[in-house]
1. Give the relative contact order (percent, whole number) for the stretch 1-153; include only Cα pairs under 8 Å separated by 6+ residues.
2. Go through the stretch 172-220 and name the chymotrypsin sites (Phe, Trp or Tyr not before Pro) that are in a DSSP coil and have 15 or fewer other Cβ atoms within 10 Å of their Cβ.
3. With a 1.4 Å probe and all protein chains kept in place, how do L186, L140 rank by accessible area, largest first?
4. So how do Y68, Y84 rank on accessible area, 1.4 Å probe, biggest first, that is with the largest at the start?
5. What is the distance in Å between the Cα centroid of the stretch 204-230 and that of the stretch 62-94?
6. If each residue of separation counts as 0.36 nm, what is the full-extension length gain between M227 and R167 once their alpha-carbon separation is subtracted?
7. Scan the stretch 59-115 for trypsin sites (Lys or Arg not before Pro) in coil per DSSP, keeping those whose Cβ has at most 14 other Cβ atoms within 10 Å, and list them by number.
8. For the stretch 96-157, which chymotrypsin sites (Phe, Trp or Tyr not before Pro) pass both filters: DSSP loop (anything but H, G, I, E, B) and at most 16 other C-beta atoms within 10 Å?
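The values are calculated or read from the model by the stated rules, or taken from the named source; none is laboratory data. Keep in mind it's a predicted model, so treat the numbers as computed, not measured. Glycine gets a Cβ as well: all are built from the backbone with ideal geometry, and neighbour counts include every protein chain shown. Ligands, DNA and RNA are stripped out before the accessible areas are found, and what is left, the full protein with its side chains, is counted by its heavy atoms. Shrake-Rupley method; radii C 1.70, N 1.55, O 1.52, S 1.80 Å.
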Amino acid sequence: MGERKGQNLYYPPDYDPKAGGLNKWQGTHALRERARKIHLGILIIRFEMPYNIWCDGCKNHIGMGVRYNAEKKKVGMYYSTPVYQFRMKCHLCDNHFEIKTDPQNLDYEIVSGARRQENRWDPTQNEQIVPETKEVQRKLFDDAMYKLEHGAKDTKAAEEAKPVLGRLFQRNDSVWRDDFEANSRLRAQFRTRKKELKLQEEKDNALLVRSSLAVALLPESDNDRRMAQLMRLHSSKTVHEKDKERRNAILNRPVLPSTSSNKSATVTKLTGTKLEPKSLGIVKRSATSTGKEFTDHSTEEKRPKVTTTEIPENNGEETKPTKTEDETRPQLLLCNYGSGSSDSD
């Protein structure tokens, strides 16, 4: 955004390009007031307190994250990493305190003017992951056996830490939950449930239309399904009804054994009409005369005619009765099962 500033775009008429840049020609620095001590190797920056401290001047507490205008200068080197020192004034008193970087321990160190609030603990006792020191890293790189043993220890520690990590994940989900993600998940569940209810309502309406019913159907349950499957195997009559029918049959059964008259009466009772030979088409027909009239022997019984003939005496034999022609003629019982028979009895 510097090109939009007027001082960077405006060049006065007496400007000489041989003098160098515009800032050099005017005798100013690009950082303006922040570089007022640049000739001493000091740059004014905005410094944020890395941890909680106690001011030695006013004995007040200064929390982590409080920002100050600090003087930054280079005081040394840690291998190829420069060590910087920051000097700032307390906002509650006139005391100044100095803090410098500690690249070896990846921390900040108070030089003077303040005291750190100690809230530190041993990370190994708190089951935290501790970065390896340089000695351990060197042994891991050079010694293969030590690397194998170290890997086995790490695997065992990871297995032991799984339950703790699971509980931490659950706690984070409950405490540090994402409202947007929870709302999205809930709305997705609502949409799915709404589609299921709409589909079930369409099925219920189709069932009511087929059954010609106008009642409200309750949702199905597992108990209803089990009962429906059991009802398919049950009889249409209950045990009490079957016992009642069996008892009535025993009471209505005759005490004496059934006879032919009882059988005919039973048949007549079942059919509702009186059975006659004519209705069944049963007639008796003579064997010799097919064109002669039929005789019904069921209503009238004829005894055979017996005649005697005398034999001459000179034979000296006794007289014996002889049968007539009608008696010697065989009788046959014929049945005509044709419908609409015109034969007379």
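1. Values: 198 pairs, mean separation 20.2, N = 153.
Computed over the stretch 1-153, the figure is 13 percent.
2. On the way: sites: W176, F180, F190; in loops: W176.
Loop-located and lightly packed - W176.
3. Working: L186 80, L140 45 Å².
From most exposed to least exposed: L186, L140.
4. Details: Y68 15, Y84 70 Å².
Descending accessible area places them as Y84, Y68.
5. That distance is 78 Å.
6. Details: separation 60, 0.36 × 60 = 21.60 nm, distance 4.30 nm.
Result: 17.3 nm gained on full extension.
7. On the way: sites: K59, R67, K72, K73, K74, R87, K89, K100, R115; in loops: K59.
Passing sites in the stretch 59-115 are K59.
8. Numbers: sites: F97, Y108, W121, F141, Y146; in loops: W121.
Within the stretch 96-157, the qualifying chymotrypsin sites (Phe, Trp or Tyr not before Pro) (loop, at most 16 other Cβ atoms within 10 Å) are W121.
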